[in-house]
Amino acid sequence: MSTLEPPLALLAELTHRCPLQCPYCSNPLELDRASGELDTANWIRVLAEAAAIGILQVHFSGGEPTARKDLPAIVRAAAESGLYSNLITSGVLLDERSLATLVEAGLDHAQLSFQDVEPANADRIGGFKGGHRRKLEVARLIKAAGLPLTLNFVVHRQNLERLPQMIALGLDFGAQRIEIAHVQYYGWGLVNRDALLPSRVQLDAATEEVETARLRLKGRLVIDYVVPDYYAARPKACMGGWARRFINITPAGLALPCHAAQSLPGFDFPSVRTHSLADIWQSSPAFLRFRGTEWMAEPCRSCERREIDWGGCRCQAFALTGDAARTDPACALSPDHGVMEAAVAARGGEPPPFRYRRIGAVETA
Ligand code: SF4
Ligand code: SF4
């Protein structure tokens, strides 16, 4: 790459602690413990470094970022560094006072996640009783506090039929944006794939519903829509390409090109405790490993889409083939595409019980 642009955004995973236990959580199977979390001073330094290298936005996520008592100080540091800040939250730990503190500290935007619109099913999916009722209240508080609001729904075979009501909820709350994101099948999502993967019929109906709603609500509500790879012929440009658009910091301070990259073996991901963000972005071997197109083998190497989708997702390639350098099996040109077709063919019948996201719920090597 001749000129390296700075990342568009920093994804700050402040903690893996979370009261919910979603079976599709994007956190790794091996969760960071609270005792190993980066402290306030280090986060404040990292935010200043992010602004200095030209990053414009920070997304505070987790786990549940509001589980950190020092969140207002961290938000304030982002504001003072000139970063636009977005809080990605389940909402269940927020109340009027804590929200006011965050707004006063300079928070710019809130993204509130929902598991469903049907309360009992929402609480079952999140593994947190009373969570849905709390979220409805927190959505109202966010609007009352004057913050722009995005509602986020992760959709799958066990809630997809209520897509119209999800969009209606976004309208009811006066959200600027609603994100309908199909589960991505890495980490916890892959563990629970048979319980979550929709049928082709469900997916097509959902896609049509979204397209109709986008036309009907043009100018009132923006609907972002993320589809699952399993029915695709070509992969997504995962994270806009490895180490091209985003930098992710784990609760313990490791810098990753995407939140799932810790699943890849043989990588020595750099820590922000010992390396500057500028050095990590420009020259860390882990970030250079799959940046650009030099690493590609066929069929990607000679493909005209290689600078469009960048060969798809490295973590998905590893999870499904055991080799992170192979073409993403989501691509119909991949010699491994059959593993996705087999997973689709095997789904059906009653969904198996969820394996909830919690420490020790899945054996890890
Ligand atoms: S996906 Fe669910 S379990 Fe994971 S961090 Fe978000 S709310 Fe918590
Ligand atoms: S062969 Fe590689 S570059 Fe071409 S479409 Fe498939 S994943 Fe993308």
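Descriptive notes on the structure:
- Each Lys or Arg adds one and each Asp or Glu takes one away; over the other residues whose Cβ falls under 14 Å from the Cβ of residue 121, this sums to +2.
- For the cross-link pairs 143/218; 69/135; 135/218; 69/218, the ones whose C-alpha atoms lie over 31 Å apart are 69/218.
- Span-like helix ranges in the chain, DSSP H, alpha carbon extent 15 angstrom or more, Kyte mean at least 0.0: 40-52
- Value of [θ]222 nm, deg cm²/dmol, for the chain, DSSP H segments ≥ 4, -39500 (n - 2.57) each, nearest 500: -9500 deg cm²/dmol
- This model, with +1 at the C-beta of Lys and Arg and -1 at the C-beta of Asp and Glu, gives the chain a dipole about its Cα centre of some 440 debye.
- Ranked 157, 358, criterion: other C-beta atoms within 10 Å, fewest first: 358, 157
- Rg to Rh, two decimals, where region 232-288 supplies the alpha carbon set and Rh follows Kirkwood: 1.00
- Bridges between two residues of the chain, per DSSP, are antiparallel at a rate of about 10%.
- Distance from region 172-214 to region 228-280 (C-alpha centre basis), Å: 23
- A full extension of the chain between residue 271 and residue 95 corresponds to an added length of 60.0 nm, given 0.36 nm per residue minus the alpha carbon distance.
- Likely footprinting exposure, 344, 46, 339, fewest C-beta neighbours within 10 Å first: 339, 344, 46
- Normalised per residue, the volume of the convex hull around the Cα set of the chain (Å³): 139
- Listed by chain and number, the aspartates and glutamates placed with their C-alpha closer than 15 angstrom to that of residue 236 are 224, 304, 307, 309, 328; residues fewer than eight positions away on the same chain are left out.
- When +1 charges are put on Lys and Arg Cβ atoms and -1 charges on Asp and Glu Cβ atoms, the dipole computed for region 211-365 relative to its Cα centre reaches about 640 debye.
- Positive-end residue of 4, 18, 230, charge dipole of the chain with Cβ unit charges: 18
- Neighbour-count ranking [beta-carbon atoms within 10 angstrom, fewest first] of 268, 229: 268, 229
- The magnitude of the dipole of region 133-193, with charges of +1 and -1 set on the Cβ of Lys/Arg and Asp/Glu and taken from the Cα centre, is near 160 debye.
- Taking 0.36 nm per residue of sequence separation and removing the Cα-Cα distance, the residue 171/residue 283 pair yields an extension gain of 35.8 nm.
- Note on residue 80/residue 226: beta-carbon distance plugged into 1/(1 + (r/R0)^6) with R0 of 35 Å gives a FRET efficiency of 0.60.
- Tensor-based shape of region 273-365 (alpha-carbon gyration tensor, a/c under 1.5 rounded, otherwise prolate or oblate): oblate
- Translational D in µm²/s for region 89-229 (Stokes-Einstein at 25 °C, 0.890 mPa s, Kirkwood Rh from C-alpha pairs): 156
- Nearest-0.05 FRET efficiency for residue 298 and residue 104, computed from C-beta distance (R0 56 Å): 0.50
The numbers here are math on the coordinates, done by the rules we state, and not lab data. This structure is a prediction, so every number in the text was calculated from the model and none was measured. FYI the Cβ positions are ideal-geometry reconstructions off the backbone, even for glycines, and counts take in every protein chain you see.
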